[in-house]
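Read through the structure below, which is laid out as structure tokens, and then see the notes.
The values are calculated or read from the model by the stated rules, or taken from the named source; none is laboratory data. Quantities reported herein were computed from a predicted structural model and do not represent experimental measurements. Cβ placement follows ideal geometry from the backbone for every residue including glycine, while neighbour counts extend to all protein chains displayed.
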Amino acid sequence: MDSVFSNVDRAPEDPILGVTVAYNNDPSPAKLNLGVGAYRTEEGKPLVLDVVRRAEQQLVNDPSRVKEYIPIAGLADFNKLSAKLILGADSPAIQESRVATIQCLSGTGSLRVGSEFLKKHYHQCVIFIPKPTWGNHPKVFNLAGLSVEYYRYYDPATRGLDFQGLLEDLGAAPSGAIVLLHACAHNPTGVDPTSEQWEQIRQLIRSKSLLPFFDSAYQGFASGSLDTDAHSVRTFVADGGECLIAQSYAKNMGLYGERVGALSIVCKSADVASKVESQVKLVVRPMYSSPPIHGASIVATILKSSDMYNDWTIELKGMADRIISMRQQLFEALQAKGTPGDWSHIIKQIGMFTFTGLNKEQVAFMTKEYHIYMTSDGRISMAGLSTKTVPHLVDAIHAAVTRVV
Amino acid sequence: MAAMAMTIRNSASRRTMTSGPISGLRSMSSWWKNVEPAPKDPILGVTEAFLADPSPEKVNVGVGAYRDDNGKPVVLECVREAERRIAGTSFMEYLPMGGSVKMVDETLKLAYGNNSEFIKDKRIAAVQSLSGTGACRLFADFQKRFRPGSEIYIPVPTWSNHHNIWRDAQVPQKTYHYYHPETKGLDFSGLMDDVKNAPEGSFFLLHACAHNPTGVDPTEEQWREISQLFKAKNHFAFFDMAYQGFASGDPKRDAKSIRIFLEDGHHIGISQSYAKNMGLYGQRVGCLSVLCEDEKQAVTVKSQLQQLARPMYSNPPLHGAQIVSTILGDPQLKGLWLKEVKTMADRIIGMRTTLRESLEKLGSPLSWEHVTKQIGMFCYSGLTPEQVDRLTSEYHIYMTRNGRISMAGVTTGNVGYLANAIHEVTKSS
């Protein structure tokens, strides 16, 4: 019998996750994985936070814990605590019950569920996303049925923000268009607006009635402070307007594979928020019925204990500080080597990633000759670097910049 | 004072924001004011209502989650042991888009057979999925993308979420006859007629065992006939297997329908779930598999399934998959699991017998033979929505309005109360 799927073509490797596949296949002892944005210690090992291990033990030792279905919208206390985390404990939006929060599968799941809700219930089907952005963003929005437009964001000349271009493009967007904003630590560039620039962006978005959809994947991970990294989101919510927020605990709690996140929809009134939540549940049910319990239980355990919460903030700052230190080391090493070019963007950019400015050919060269694995857009994950491996990377960059144009 | 301020603020936002300090918001009302409240999910809404009921006599025979004879949820011993082994050792890194290879391999053995030639020949495209729902949804999305003109034939009745899944995947639905209300059994001739009349090469959703909600399964002989007709019509069979092991107590026996189709040469698709048979409900662990012509095609199809998973959740959750691999990868734990599954299935079979006998002893004018003929977690009682409403309002008994009783919620402690209540609302039928 012939297959009904014999017309199916092989899909290309995912550009980001494919990097790790290639890295794993490389036998060279000098290989360096600067691809996927998963934190590594100075020893190059994945890290499970101490506070996560404690929460895990607590859960496993509790004989009363069961594995029943959790509600479609997820664990209630997880949802409340997540909203508090991103919006601030004193947020009027929370106090007025204007926030619908639904546990989702990490950032990706929150974006997808939010987009499907927008497709069904919002009057505009176009979303403006920054150029460049995380490779999976356009796919998520397309599959949800939204059409994708780009707004200028990264300026290759300055390796910083193209602020004028951003304002022009958002200024020209149709009224009501959805706008994707990286809350902090823009992926892949590491380039964030200043707080003055955020204020201008906010005013423009509100004056044009655009709908902000925040992707918050690095809260606490960028600056080391949870509050600082939530600043952009909080100023938008403070003006009383509506927005969507996708939160991920993959990086800041190291819970990558457990797929923990939350979608919050900040609404004008409690009544609207309640109806909105009921409709979001209708998106979730035919997708996966209800979200997975384990990761959310760990998060809730940590967030509801003031001791564990404090310990978490310390470990989080530790990770952020190591990354900031790697930026400094890489920058100084390139200076010391006399590598041509201005490399100050390495210390100006923030978060897990540095957009090096290296082109495709240079990246391919670095992979082939130096076994350095990174995405072809020149993005490197600082989390994958260590004091030991900085010299090797510097050699590779130097060679690429001087020998490959 | 704060309450007053909140009231003022709320009423202000109901009209317009007239005195906001930030420009641009004065005349903005909510984007969502046209959003209607969604209806409660017919199945999950039942448990919500049950939880809200203060009556000490209340009985929940709504959602299909197993309960022990004390009415308590159960975490299997093999699962507890697996968790003890996992805690403190997992690095919680991302799984690949297709999920845990180890878990998927073990899961395929359950469905296709330990020594399946298809596994040996690597002809199965398989990915870890978000339980059964996620597997069905991924398949529906895949069907939409690669067979865009196709429809899905769904049995009447079926799990209500099946309709939602294929609808949200934008695959048009047709139905086929399945349940026979008069016999409370299978409408076999109706089913065969619909299979015969469907255009060649149609896609059919089949429940591998323990049909939800009716508990009515074809016999082995009937499955063989269905398979032969499918062959003649070149139809595609997609099996939803959510209760393997849970139906008869024997996983191999419960996979019989699938094995028949495989023997007959069909290239099938399967959704598998560990929600019930391993009690891993909230962990959302399952597997979607598609049997292909050869290894090359399997690699191809798998790559495309991953392309559908990536923009939905990137990669599936780790913990539940680790539990499954730990159990199925250890002969001792696997043996313990098989024992525990049989215990659950046996308890349910026992409750069916007790419920039927109790109703007969009460002198019910109706036949309750179907209670023991049907199989799996659910009994399609034949109760009307009005009778169900009476059970809820007068007796605090919660079930879905189609008269589906989750036998897993029946215990020696409540079976008498349940039988009596059913008798009371049906005795004048």
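Give me a count of the residues in the stretch A:275-287 that are facing chain B (nearest Cβ under 7 Å) and surrounded by fewer than 24 Cβ atoms within 10 Å (Cβ to Cβ). Give the steps one after another, and end with the answer.
Going residue by residue through the stretch A:275-287, those that are facing chain B (nearest Cβ under 7 Å) are A:275-276, A:278-279, A:281-282, A:285-287.
Keeping just the survivors that are surrounded by fewer than 24 Cβ atoms within 10 Å (Cβ to Cβ) gives A:275, A:278-279, A:281-282, A:285-286.
Counting residues in the stretch A:275-287 that are facing chain B (nearest Cβ under 7 Å) and surrounded by fewer than 24 Cβ atoms within 10 Å (Cβ to Cβ) gives 7.
Criterion applied to B:A125, B:A65 was being at pLDDT 95 or above and outside any helix (DSSP H, G or I), and the one residue passing it is B:A125. Here are B:I349, B:I327: which of them is part of a helix (DSSP H, G or I), under 20 Å from the mean Cα position of the chain (by Cα) and more than 22 Å from B:F239 (Cβ to Cβ)? Selected residue: B:I349, the only one of B:I349, B:I327 that is part of a helix (DSSP H, G or I), under 20 Å from the mean Cα position of the chain (by Cα) and more than 22 Å from B:F239 (Cβ to Cβ).
Looking only at the stretch A:7-26, count how many residues are surrounded by 13 or more Cβ atoms within 10 Å (Cβ to Cβ) and assigned to a loop (DSSP other than H, G, I, E, B).
The first filter runs over the stretch A:7-26 and keeps only residues surrounded by 13 or more Cβ atoms within 10 Å (Cβ to Cβ), leaving A:8, A:10-11, A:13-23, A:26.
Now narrow it down to the ones that are assigned to a loop (DSSP other than H, G, I, E, B): A:8, A:10-11, A:13-16, A:26.
Number of matching residues: 8.
What do you reckon, is A:K131 without any contact (Cβ under 8 Å) to a residue 40 or more places away in the chain, surrounded by fewer than 22 Cβ atoms within 10 Å (Cβ to Cβ) and within 14 Å of chain B (Cβ to nearest Cβ)? Spelling it out, it is not the case that A:K131 is without any contact (Cβ under 8 Å) to a residue 40 or more places away in the chain, surrounded by fewer than 22 Cβ atoms within 10 Å (Cβ to Cβ) and within 14 Å of chain B (Cβ to nearest Cβ). Identification of helices (runs of 4 or more DSSP H) wholly contained in the stretch A:65-175 with 2 or more residues that are touching a strand residue (DSSP E or B) at 6+ places or on another chain (Cβ under 6 Å) and under 26 Å from A:K251 (Cα atoms) yields A:76-87, A:106-121, A:136-143. Residues that are surrounded by 24 or more Cβ atoms within 10 Å (Cβ to Cβ), at the interface with chain B (Cβ under 7 Å from one of its Cβ atoms) and touching a strand residue (DSSP E or B) at 6+ places or on another chain (Cβ under 6 Å) do not occur anywhere in the stretch A:254-274. When we screen A:A296, A:A336 for residues that are over 23 Å from the mean Cα position of the chain (by Cα) and modelled with pLDDT of 95 or more, the only hit is A:A336. Of everything listed in (1) within 13 Å of chain B (Cβ to nearest Cβ); (2) at pLDDT below 95; (3) buried (at least 23 other Cβ atoms within 10 Å of the Cβ), the single unmet condition for A:P188 is (1). Of all residues in the stretch B:71-90, which are in a loop (DSSP other than H, G, I, E, B) and either surrounded by 13 or more Cβ atoms within 10 Å (Cβ to Cβ) or in contact with a helix residue (DSSP H, G or I) (Cβ under 8 Å, 6 or more places away or on another chain) (or both)? Scanning the stretch B:71-90 gives B:G71, B:V74, B:V75, B:L76, B:A87, B:G88, B:S90.
Out of the residues in the stretch A:379-391 meeting the condition of being buried (at least 16 other Cβ atoms within 10 Å of the Cβ) and over 17 Å from A:T20 (Cβ atoms), tell me which one is modelled with the highest pLDDT. Checked the stretch A:379-391; the qualifying residue modelled with the highest pLDDT is A:V390.
The set of residues in the stretch A:42-71 that are touching a residue at least 24 places away in the same chain (Cβ under 8 Å) and β-branched (V, I, T) comprises A:V48, A:V51, A:V52, A:I70. Only residues that are more than 11 Å from chain B (Cβ to nearest Cβ), of a type in the set (A, V, I, L, M, F, W, C) and out of contact with any helix residue (DSSP H, G or I) (no Cβ under 6 Å at 6 or more places or on another chain) were counted in the stretch A:28-81, giving 3. In the set (1) crowded, with 22+ Cβ neighbours inside 10 Å; (2) hydroxyl-bearing (S, T, Y); (3) part of a helix (DSSP H, G or I), B:S289 fails one condition alone, (3). The set of residues from the stretch A:147-158 being more than 20 Å from the chain's Cα centre (by Cα) and buried (at least 19 other Cβ atoms within 10 Å of the Cβ) is empty. B:P148 fulfils the conditions (1) under 23 Å from B:Y176 (Cα atoms); (2) in contact with a strand residue (DSSP E or B) (Cβ under 8 Å, 6 or more places away or on another chain); (3) surrounded by fewer than 16 Cβ atoms within 10 Å (Cβ to Cβ) except for a single criterion, (2). Entry remark, the stretch A:31-71: residues being small (G, A, S), buried (at least 19 other Cβ atoms within 10 Å of the Cβ) and in contact with a Lys or Arg (Cβ under 9 Å, 6 or more places away or on another chain) number 3 in total. The residue that is surrounded by the most Cβ atoms within 10 Å (Cβ to Cβ), among those in the stretch B:214-238 that are among the acidic types (D, E) and in contact (Cβ under 8 Å) with a residue 12 or more places away in the chain, is B:D217. Tell me, yes or no, whether the stretch B:163-173 has at least one residue that is away from chain A (no Cβ under 12 Å) and surrounded by fewer than 24 Cβ atoms within 10 Å (Cβ to Cβ). Looking for residues that are away from chain A (no Cβ under 12 Å) and surrounded by fewer than 24 Cβ atoms within 10 Å (Cβ to Cβ), one finds at least one in the stretch B:163-173, hence yes.
Note on the stretch A:322-377: residues that are free of Cβ contacts under 8 Å to residues at least 60 places away in the same chain and of a type in the set (G, A, S) amount to 5. Residues in the stretch B:375-419 that are over 29 Å from B:P251 (Cβ atoms) and free of Cβ contacts under 8 Å to residues at least 60 places away in the same chain: B:L383, B:T384, B:P385, B:E386, B:Q387, B:V388, B:D389, B:R390, B:L391, B:S393, B:E394, B:G416.
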